[in-house]
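Engineer: Below you'll find the structure I mean.
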């Protein structure tokens, strides 16, 4: 009998406690506070997911997928290229549209330094939210800079300077 009374007492206490958690002004505020905490946790996890894109991964995809490359260029893009009609090939500014763009490959392999012709090296320089891919030829006239900017946590090609001759 005592065990039944003890069991019944515990059951009633649990029942009252569980019923009181669902009602009351204080508990309602606690519930809203919990939802605010949950939304803050979701926001912080979304920030972690939407971190800035890594440039190395971006440049690999940029160089291998034409559709990705076309999405990541700010068209129409202004470029500086040598004027082939000018005797000294003076640089001139030109605008390239999406339909005139030719696929660009900026992947780099160290064997480009030792191949028998068109040797060049490539360096990437970072500054804040910009990156410049510099390509310099070795005794062959190759000279180009490709300027990238981080826009909404994604990399975009914004301009280029091509002075190769």
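Engineer: Hey, does segment 146-157 have a residue that's over 18 Å from residue 71 (Cα atoms), modelled with pLDDT of 90 or more and assigned by TED's automatic domain parsing to the domain that holds residue 77?
Structural biologist: There is no residue in segment 146-157 that is over 18 Å from residue 71 (Cα atoms), modelled with pLDDT of 90 or more and assigned by TED's automatic domain parsing to the domain that holds residue 77.
Engineer: Then there is this: With surrounded by 14 or more Cβ atoms within 10 Å (Cβ to Cβ), within 26 Å of the chain's Cα centre (by Cα) and modelled with pLDDT under 95 as the only criterion, which of 112, 108 stands out?
Structural biologist: Just a single option satisfies the conditions, and that option is 108.
Engineer: Next question, about the same structure. Answer yes or no: is there a residue in segment 63-84 that is farther than 16 Å from residue 148 by Cα, touching a residue at least 60 places away in the same chain (Cβ under 8 Å), in contact with a strand residue (DSSP E or B) (Cβ under 7 Å, 6 or more places away or on another chain) and assigned by TED's automatic domain parsing to the domain that holds residue 145.
Structural biologist: yes
The values are calculated or read from the model by the stated rules, or taken from the named source; none is laboratory data. Remember, predicted model here, so these are calculated numbers, not experimental data. Cβ sites come from the backbone with ideal geometry, for glycine too, and all protein chains shown count toward neighbours.
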